[in-house]
Amino acid sequence: MSDRRFSPLRRLFLVPAAAVLCFMLLPMTVVVLIALGESATYEFPPRGLTLHWFSNLLHAGPLLNALFLTSLPLALTVAAASLVVGTLAAVGLTRGRFLGRSALEVFFLTPVVFPQILLGVALFLLFARANVPLTLVTLGIGHVVICTPYVIRAVLAGIGGIDPRIEEAARNLGAPPARAFMMATLPLLRSSMLSGAVFAFIVSFSDVNIALFLSAGDTTTLPIRILAEMEWNNDPTIAAAATLQVSIISVLLILVQRFIGTVRA
Amino acid sequence: MTRPILNLVDVTRDYGNATVIGPVSFSAEQGEFISLLGPSGCGKSTLLRCIAGFEPVNGGRIELNGKDVSREAPHRRRVGLVFQSFALFPHLTVARNVAFGLRLRRTGKEETARRVGETLELVGLSHLADRYPAQLSGGQQQRVAIARALVLRPEIMLLDEPLSSLDAKLRLHMRRELRAMQQDLNMTFVHVTHDQDEALAMSDKIVVLSEGRIEQMGSPREIYDRPDTRFIADFIGSSNLLEISEIEPAGDGMWSVRLNEDQRIVIAADADPRQSGRHWLSIRPESLSIGGEDTVSGSCLTGTAIGHSYGGDRTEIFVRLDGAQSDAPPIVAHADRSFDGRVALTITGPGATFVRA
Amino acid sequence: MRARTGLLFVPYLLLLLAFLVVPIAGLVEISARNQSVTSIGGVGLTMANYQRVFEGFYLDIIFDTVRLAAIATLIGATLAYPLAYVIVRSQPLARTVLTCLVMVPLMTSVVVKVFGWFILLGRGGPAVRMLQKLGIEVQTLLNTEPSVVVGLVEFALPFMVFSLVPALDRISPAVEEAAANLGATPFQTFRLVILPLSASGLTSGALLCFGISSSAYVVPAIMGGHAVRMIAQQIYDDVLVAFDWPAAAAFSIALLVLLSVLIFAALRASRRATDV
Ligand SMILES: Nc1ncnc2c1ncn2[C@@H]1O[C@H](COP(=O)(O)OP(=O)(O)OP(=O)(O)O)[C@@H](O)[C@H]1O
Ligand SMILES: [Mg+2]
């Protein structure tokens, strides 16, 4: 026992915590195992190991389209748009000194806690009544609304961690305010911006609640496609698609953790 | 002799394969005030946490009142601990902080109220009973921490640098108060500090630690006047440390000491320093009296005054001894004025002792 | 400079106004209209939709939703504490690994998780076969309230864990040691020190979990089947199946009001608790 910290409670909680963690990871693990199993149905526990279902994915048109023609380009675009809009908003929030600044900050973060399903309904009805056809653009707008707060939060935290004297030093050396910001502060925000953008990507990539209402026909996202097919097609190819989804998200999260530092929810 | 209330026998504590404690043995009598003194990182806090039960011991045993408690969980040991950071419960008022332990012991309402009242009285905080810790000054928080432990009447109290976060003035004041409180209650206190003045002023016994081991243990006077080693002589107070090249008996408990070709001096010692391997001489600056070279005759050291620093009640004179190596630090002597040029140093007080390397 | 950079937030402000505030205002408007076959937005002005919301059928759905969400929140909070505590009191490396392991289910699409539960608990799945081996004849464990609760708990757990972690992080280990030193057993330390000191995280986590659970669609739709009906399912069906938009809108507003009232009450309560 070389653990310096005295914490009998930690020892008592170790087993329950492990059990809870397993519970949390259980369903995802099942999906991954089904995708790797040889059986042609949802057989669990799986027999044998194969990558067959992943190669099968290449012939599964709708799933493939949902992933490569809808979900990925959508999430990338949404991440980029959220990054721009969110960084601007965060910088504006910290630079401006005006009444209601903190109220505005709260307002800017509401989409994180606002019931997404209601936002989906509200946007659907808005577009329907305005006769706006549902396209990737309308879906993207919905996603930018719910993803931008993650960028704002990351950038705000990043700005909070920067010594304001760095920028003052730049101004003292003769840089005009805007340049001082661009040269001194912005580079230091790069990692915050990047982690914010990654989260925006993931939130868009795994969203169902908005897409439930705003994706239609050829703009069906991967989660919606999986949702529609899993109950009716007893096909591990769907599990392979889901596994791909989980893998992309996991790799991104680990990269953020590894290269940018502490991930924040 | 009575049975010690706290007895440590060969206690060791390792982290992996690094030993940070021990083996350490010492004991405390009922009513004693013991200070664990040592430089930062020497294991004082670790030792205290071992006694309180927050660190397991890897060897030896800790006895409380004759009972081996080495394997006892912290909440079963009757040991009061005052944390350096105070560790008050921020969600409870002062009174409820103090009542916390009583509540766990299912003490009755009235008795709880009475004992909390008494203890707050004792530390002089009765008027702040309903405040929260965040609304108190550092000194007040520290009294709450003491009261919280005292109210349970533990067999011993452990205090980890209790005064270190107070300002200088308050620290001196609390020193006296803490000592008075301990004497009034006739409780056993084990107190950790890296402040030698504090240890000298407050303790019945000082245990000096260095790198996890006991370097020397004794009353403040013993430690100061009769340091065993160079480390102690240097760490407690300040001292001039001189390597001896030869010792010869000079009769009558006096020893003739040669430092180098030019320097020879006579020092008193009860036992033959050669037998205990004491080949260094420690001389306190206040035990060196300084004068012009021509004013002194007999046993003295000679050198050149190379600078001084004014210190209010005294002046420190820096002297380069004749024949000293060029990289050796100058000798420091206390005087009431500054000196220049050639000087002679004679030993006037009890502050010259033989020490081990 | 100040004035101009202050305007950088305007794009997002406009975005929120156009695509959050305006749609909700639209929802409010539709909720006060009569359903009409000729106009998709409905016609006239009426409170009838709200009356319907508080009648038998819809009211039952509200009660069931609140009940299931509350149960899921309670269970989620209970399960999240040990994990959050272990994360906070772990060495840096273990902490990073654990954080990632909670992060992945947090960010993974709920569809994938429900898919997993569907296989595990569904027809011919391992859970059913195990029960059958024990002599209990069931076709499926899905389509029950408990299965919905399992799904909701699992969905909400990571949110709860990440709400508790910062609150627990603020508790100094020395305070726990102090409690032990004063005679508290580990469980007493938990009850008397850790729980009250992490109350803020518990409150915000519980609100988040309740909000997520009470507006969940995928979990009850797949894991509850026809046996369980929650608010989001009804809204979905009213919008996309029955085309009864005024009813869906009124129901949405009802859910929103319910959650807002709850959040304000909780905020008031926690503010009062910290004011003392
Ligand atoms: N987890 C650990 N692993 C290895 N060594 C440790 C660990 N924790 C502490 N140590 C070492 O144990 C030794 C004793 O530390 P301790 O905190 O007891 O010192 P201290 O005497 O109280 O010092 P200070 O006066 O600075 O408080 C130090 O050298 C420290 O480096
Ligand atoms: Mg220490």
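Here A:L188 meets the list (1) in a helix (DSSP H, G or I); (2) in contact (Cβ under 8 Å) with a residue 40 or more places away in the chain; (3) surrounded by fewer than 19 Cβ atoms within 10 Å (Cβ to Cβ) almost entirely, failing just condition (2).
Filter region B:134-163 down to the residues that are within 11 Å of chain C (Cβ to nearest Cβ) and within 16 Å of ligand 1 (Cβ to nearest atom), then identify the one that is farthest from B:L6 (Cα to Cα). Ranking the qualifying residues of region B:134-163, first place goes to B:D160. Any idea which of (1) under 15 Å from B:F100 (Cα atoms); (2) in contact (Cβ under 8 Å) with a residue 60 or more places away in the chain is the one C:A199 doesn't satisfy? In the conditions (1) under 15 Å from B:F100 (Cα atoms); (2) in contact (Cβ under 8 Å) with a residue 60 or more places away in the chain, C:A199 misses (1) alone. Condition (residue is free of Cβ contacts under 8 Å to residues at least 12 places away in the same chain, more than 16 Å from ligand 2 (Cβ to nearest atom) and surrounded by fewer than 21 Cβ atoms within 10 Å (Cβ to Cβ)) applied to region B:21-36: is it met by at least one residue? No, there is no match, as no residue in region B:21-36 is free of Cβ contacts under 8 Å to residues at least 12 places away in the same chain, more than 16 Å from ligand 2 (Cβ to nearest atom) and surrounded by fewer than 21 Cβ atoms within 10 Å (Cβ to Cβ). Checking each residue in region A:212-258 for being in a helix (DSSP H, G or I), without any contact (Cβ under 8 Å) to a residue 40 or more places away in the chain and more than 17 Å from A:V30 (Cα to Cα) picks out A:G217, A:A228, A:V251, A:I254, A:Q257, A:R258.
Need a quick list: strands (runs of 3 or more DSSP E) entirely within region B:1-53 having at least 2 residues that are within 8 Å of ligand 1 (Cβ to nearest atom) and away from chain A (no Cβ under 14 Å). Walk me through it before giving the result.
Details: elements: B:6-15, B:18-28, B:33-37.
Qualifying strands (runs of 3 or more DSSP E): none found.
From the set of residues in region A:36-54 that are within 15 Å of C:G125 (Cα to Cα) and touching a residue at least 60 places away in the same chain (Cβ under 8 Å), which is nearest to the other protein chains (Cβ to nearest Cβ)? Give the derivation first.
Taking region A:36-54 and keeping what is within 15 Å of C:G125 (Cα to Cα), we get A:37, A:39-47.
When the remaining residues are screened for being touching a residue at least 60 places away in the same chain (Cβ under 8 Å), the result is A:37, A:39-42.
Working: A:G37: 11, A:S39: 11, A:A40: 14, A:T41: 8, A:Y42: 5 Å.
Residue satisfying both the conditions and the ranking: A:Y42.
Just checking: which of the helices (runs of 4 or more DSSP H) contained wholly in region B:185-257 hold 1 or more residues that are buried (at least 20 other Cβ atoms within 10 Å of the Cβ) and within 15 Å of ligand 1 (Cβ to nearest atom)?
Details: elements: B:196-202, B:220-225, B:230-235.
Because the criterion is at least 1 residues that are buried (at least 20 other Cβ atoms within 10 Å of the Cβ) and within 15 Å of ligand 1 (Cβ to nearest atom), the helices (runs of 4 or more DSSP H) in region B:185-257 that meet it are B:196-202, B:230-235.
Condition check for C:D64 on (1) within 14 Å of another protein chain (Cβ to nearest Cβ); (2) touching a residue at least 24 places away in the same chain (Cβ under 8 Å); (3) surrounded by fewer than 23 Cβ atoms within 10 Å (Cβ to Cβ): one failure, at (1).
Please go through region A:133-168 and pick out each residue that is in contact with a helix residue (DSSP H, G or I) (Cβ under 7 Å, 6 or more places away or on another chain), without any contact (Cβ under 8 Å) to a residue 24 or more places away in the chain and farther than 30 Å from C:P23 by Cα.
Those that are in contact with a helix residue (DSSP H, G or I) (Cβ under 7 Å, 6 or more places away or on another chain), without any contact (Cβ under 8 Å) to a residue 24 or more places away in the chain and farther than 30 Å from C:P23 by Cα: A:I166, A:E167.
Here B:S70 clears all of (1) at the interface with another protein chain (Cβ under 9 Å from one of its Cβ atoms); (2) more than 13 Å from ligand 1 (Cβ to nearest atom); (3) in a loop (DSSP other than H, G, I, E, B); (4) not acidic (D, E) except the condition numbered (1). One residue stands out among those in region B:164-191 that are away from every other protein chain (no Cβ under 14 Å) and of a type in the set (G, A, S): the one that is nearest to ligand 2 (Cβ to nearest atom), which is B:S164.
When A:V85 is tested against (1) surrounded by 19 or more Cβ atoms within 10 Å (Cβ to Cβ); (2) among the aliphatic types (A, V, I, L, M); (3) not in a helix (DSSP H, G or I), only condition (3) is not met. B:A201 meets the conditions (1) within 16 Å of ligand 2 (Cβ to nearest atom); (2) over 30 Å from B:R76 (Cβ atoms); (3) touching a Lys or Arg at 6+ places or on another chain (Cβ under 7 Å) in every case but one. The failed one is (1).
Looking for something under 30 Å from A:G61 (Cα atoms), in the same structural domain as A:G86 (by TED's automatic domain parsing) and in contact with a Gly (Cβ under 8 Å, 6 or more places away or on another chain) - is there at least one such residue anywhere in region A:180-189? No, every residue in region A:180-189 fails to be under 30 Å from A:G61 (Cα atoms), in the same structural domain as A:G86 (by TED's automatic domain parsing) and in contact with a Gly (Cβ under 8 Å, 6 or more places away or on another chain). Report yes if B:P56 is within 23 Å of C:A179 (Cβ to Cβ), more than 9 Å from ligand 1 (Cβ to nearest atom) and surrounded by fewer than 22 Cβ atoms within 10 Å (Cβ to Cβ), otherwise no. Judged against the criteria, B:P56 is a match. For region B:73-102, residues that are surrounded by fewer than 19 Cβ atoms within 10 Å (Cβ to Cβ), facing chain C (nearest Cβ under 8 Å), away from ligand 2 (no atom under 16 Å from the Cβ) and under 23 Å from B:E161 (Cα atoms) total 1. Scanning region A:26-41 for any residue that is within 26 Å of C:E177 (Cβ to Cβ) and either under 32 Å from the mean Cα position of the chain (by Cα) or more than 16 Å from ligand 2 (Cβ to nearest atom) (or both) turns up nothing.
Among C:V175, C:V149, C:V128, which is the only one that is crowded, with 20+ Cβ neighbours inside 10 Å and either at the interface with chain A (Cβ under 9 Å from one of its Cβ atoms) or under 26 Å from C:T65 (Cα atoms) (or both)? Quick ask: steps written out before the conclusion?
Numbers: C:V175 fails: either at the interface with chain A (Cβ under 9 Å from one of its Cβ atoms) or under 26 Å from C:T65 (Cα atoms) (or both); C:V128 fails: either at the interface with chain A (Cβ under 9 Å from one of its Cβ atoms) or under 26 Å from C:T65 (Cα atoms) (or both).
C:V149 is the lone residue from the list that is crowded, with 20+ Cβ neighbours inside 10 Å and either at the interface with chain A (Cβ under 9 Å from one of its Cβ atoms) or under 26 Å from C:T65 (Cα atoms) (or both).
The values are calculated or read from the model by the stated rules, or taken from the named source; none is laboratory data. Small disclaimer: the values here were computed from a predicted structure and weren't measured. Cβ coordinates were reconstructed from backbone atoms using ideal geometry, including for glycine residues, and neighbour counts include every protein chain displayed.
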